[in-house]
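First up is the structure itself, then whatever we jot down about it.
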Amino acid sequence: MKKIRINMVSESDVSVQGHGVHTAYDEMASALEKRDDVELVRGKFGEQVDVDVIHLHTIGNRTWRKLGQKGPKKVVSAHIVPASLVGSIALAGYWLPLAKRYMRWYYNKADKVLAVSETVAGTLHTELGVPKEKIETFYNTIDMSRYVFSEKQKTAARKKLGVKKDEFVVLGIGQVQPRKRLDIFVKMAKELPDVTFIWVGGIPFKQLGADYKAMQKLMNSAPKNLRLPGIVPHNEVSSYLAAADVFCLPAEQENHPMCVLEAAGASLPIVLRDIPEYDDTFAHDAIRCKDDEFSAAIKKLHTNSGEYKKWQKNAGRIAKRFDSNAAAERLVKLYKQLV
């Protein structure tokens, strides 16, 4: 069997790794590396690699040489669109028009653009002018088996993190930036003092992060039942998932967040903001809230075992939909069609 040769690239390999794009890239690469019909080469920045397809997960300047290399087909996973920058990077509103022009140029250079949701697919076509025939919706996936924890593992994780056996733990994961809405966690922690809240993530780009000083002030104002461990290496995040009872992400804008998939794999009930980006992905399998509804949703999961089991079962449906094994098969088929 002749193997198809893929050069998969993400600038997170040589920069900040504490974000979902790196997780998506690593999960996809790992799934392909398990296959007998694929030869995968990671990275190799600044080099021209003899491959059939170059698959890019980030769109920074380190990838330009790969994007312009003659011969291999180019696939780009569209993890970010212009709206992703607002509330993430300082002064995004001022240079958003330039960012749109850049994204338009970059995505249109690809032979195929993989949109991580139907919402992103629509944005690629209507805002960035990518032809419909170049766009394919390809949801982020993970190896769900890595997030199935035994009771023994859960107990060990709580001991490692200093979480008591009887604590009800609500976990959030993400960079600390305005659009992630850490303020909702602060609000919930104040309204539900008998619940332990943990937010894993920090400000990896420091002063370049949107509203850096305000975010620092918000973290400093956190009540005692809200723990902020900061940026945690991805291979250590599993301990927090194993120790948690519920996962909550109140972010105002997301495309297809990896942390939700990981939480679903860990069988945690999922509580999210009610935004249209989730309509075609998590739909009715997650509790979807407005600002003033998060605390009530958490309280209900804490006090009503029937509700807890219902949403835990729904998380299992999310896990089944977004397991990486089936996704790798589909991706290889796409590569072969391109070449």
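Once backbone amide H atoms are built at 1.01 Å from N, Val163 has no partners under 5 Å, excluding neighbours fewer than 5 places away on the same chain. For a label point 7 Å from the Cα of Glu151 along Cα→C-beta, name the residues of the stretch 273-314 whose backbone N is under 11 Å from it. Counting backbone N atoms under 11 Å from the label point, the list is empty.
For the chain, the 222 nm mean residue ellipticity estimated from helices alone, with every DSSP H stretch of n ≥ 4 adding -39500 (n - 2.57) and the total spread over all residues, rounds to -12500 deg cm²/dmol.
Per residue, how much accessible area does the stretch 285-339 show when a 1.4 Å probe rolls over the protein heavy atoms, in square angstrom?
With all protein chains present, the stretch 285-339 gives 57 Å² per residue.
Extending 7 Å from the Cα toward the beta-carbon at both Glu191 and Asp166 defines two label points whose distance is 2.6 nm.
Amide H to amide H distances under 5 Å link Gly172 with Ile198, Trp199, Val200, Cys248, where only residues 5 or more positions off or on other chains count and H is placed in the peptide plane.
Rounded to the nearest 20 debye, the dipole magnitude of the chain is 460 debye, with +1 charges on Lys and Arg beta carbons, -1 on Asp and Glu beta carbons, and the Cα centre as origin. Carbon-plus-sulfur accessible fraction, the chain (probe radius 1.4 Å, protein heavy atoms only): 52%.
Taken over the chain, the alpha-carbon convex hull comes to 130 cubic angstrom per residue.
Could you list, in their original order, any pairs among Lys112/Lys180; Lys165/Lys213; Lys164/Lys299; Lys152/Lys320; Lys132/Lys310; Lys74/Lys100 whose Cα atoms are separated by more than 27 Å?
Lys112/Lys180; Lys165/Lys213; Lys132/Lys310
Simple rule: put +1 on each Lys or Arg Cβ and -1 on each Asp or Glu Cβ in the chain, find the dipole, and look at Asn108, Gly265, Val170; the Cα lying farthest toward the positive end is Asn108. Mean-square fluctuations from a GNM of the chain, with a 10 angstrom spring cutoff on Cα atoms, peak among Pro276, Pro223, Pro97 at Pro97.
Averaged over its residues, the stretch 210-279 has an accessible area of 37 Å² per residue, based on protein heavy atoms and a 1.4 Å probe. In terms of Cα atoms, the Rg and Dmax of the stretch 172-293 work out to 13.8, 37 Å.
Compute the signed sum of charges (Lys and Arg +1, Asp and Glu -1) over the other residues within less than 15 Å, Cβ to Cβ, of Gly129.
+4
Partner aspartates and glutamates whose Cα lies under 15 Å from the Cα of Lys70, excluding those fewer than 8 positions away in the same chain, are identified as Glu47, Asp50, Asp52, Asp111.
The values are calculated or read from the model by the stated rules, or taken from the named source; none is laboratory data. Remember, it's a predicted structure, so these values are computed and weren't measured experimentally. Note: ideal-geometry Cβ built from the backbone for every residue, glycine included; neighbour counts use all protein chains shown. To get the accessible areas, we keep the full protein, side chains included, count just its heavy atoms, and leave off ligands, DNA and RNA. Shrake-Rupley method; radii C 1.70, N 1.55, O 1.52, S 1.80 Å.
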